[in-house]
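The values are calculated or read from the model by the stated rules, or taken from the named source; none is laboratory data. Since this is a predicted model, take the numbers as computed values, not measurements. FYI the Cβ positions are ideal-geometry reconstructions off the backbone, even for glycines, and counts take in every protein chain you see.
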């Protein structure tokens, strides 16, 4: 694509971020440099691509090697990025299907409003402790039976951003009567803070070192106090990727449902909403990444 194309700039920014933040990709280029800093090393990244091209075609790779560093630099800065160069990044770093799809969508201008949702929180409520992880994958399923929220089930993979991460703090609805952990840890202390927020500590089975991941499964069970709820919200402070949310209605089915974005964990009307149709009495939405925002569903009976 031509220089200064907004899709190229967006794709370059996304490439830079995933190469800096994804442990498998970062390990590939860091293995080829003796300089370990917090910044991307374009020479090392170019070397990863050069080695990949050499495996494909030694003769062609030798011709390409002389200009690879400049080509990589232009791509990561968003100045210039061709389809061929993007393919080299995807293949050389053995990127996941999710990252491949996301980069292609951004590069081709096909990313939807729910590809990335960020920075809608107008004021952050006081938290009990700082966040020491990032979300790699989150699957959240809500069951609403006969007009009442019954259970919220979550499968969650987190990645430590520093050594010694031993607790995940699950923020849940005030109406939850109990929290259960199926695997990955055990229940710890409960907390109330931040003008109405409630959470429970999930003590991990073992402390995580930086870049290690842990899979959790937990659920919030609700009693009759949830009968008046007509929305579900999920907040994210630091970046959360691959967020998959769904609500299933059993018995009573709402007349209308919206996918929403809010400016607060608990209060206020949505700052953005989109009407959606139910399919087999259920609704679902996938978000590639979210940060400093609150998303979810609301409905009317």
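Figures for the structure shown
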{"quantity": "Failed item in (1) assigned by TED's automatic domain parsing to the domain that holds residue 244; (2) outside any strand (DSSP E or B); (3) more than 30 Å from residue 228 (Cβ to Cβ), with residue 121 passing the rest", "calculated": "(3)"}
{"quantity": "Given (1) at negative phi; (2) more than 12 Å from the chain's Cα centre (by Cα); (3) touching a residue at least 12 places away in the same chain (Cβ under 8 Å), number of the condition residue 119 does not satisfy", "calculated": "(1)"}
{"quantity": "Residue that is farthest from residue 27 (Cα to Cα), among those in region 44-59 that are buried (at least 18 other Cβ atoms within 10 Å of the Cβ) and touching a residue at least 24 places away in the same chain (Cβ under 8 Å)", "calculated": "53"}
{"quantity": "Some residue of region 25-38 being within 17 Å of residue 100 (Cβ to Cβ), within 20 Å of the chain's Cα centre (by Cα) and either modelled with pLDDT of 85 or more or not assigned by TED's automatic domain parsing to the domain that holds residue 134 (or both)", "calculated": "yes"}
{"quantity": "Conditions (1) touching a helix residue (DSSP H, G or I) at 6+ places or on another chain (Cβ under 8 Å); (2) under 28 Å from residue 240 (Cα atoms); (3) at pLDDT 85 or above: number failed by residue 71", "calculated": "(2)"}
{"quantity": "Residue identified as within 17 Å of residue 154 (Cα to Cα) and at pLDDT 95 or above among 295, 243, 257, 287", "calculated": "295"}
{"quantity": "Selection status of residue 80, assigned by TED's automatic domain parsing to the domain that holds residue 53, over 30 Å from residue 206 (Cβ atoms), touching a residue at least 12 places away in the same chain (Cβ under 8 Å) and not in a helix (DSSP H, G or I)", "calculated": "yes"}
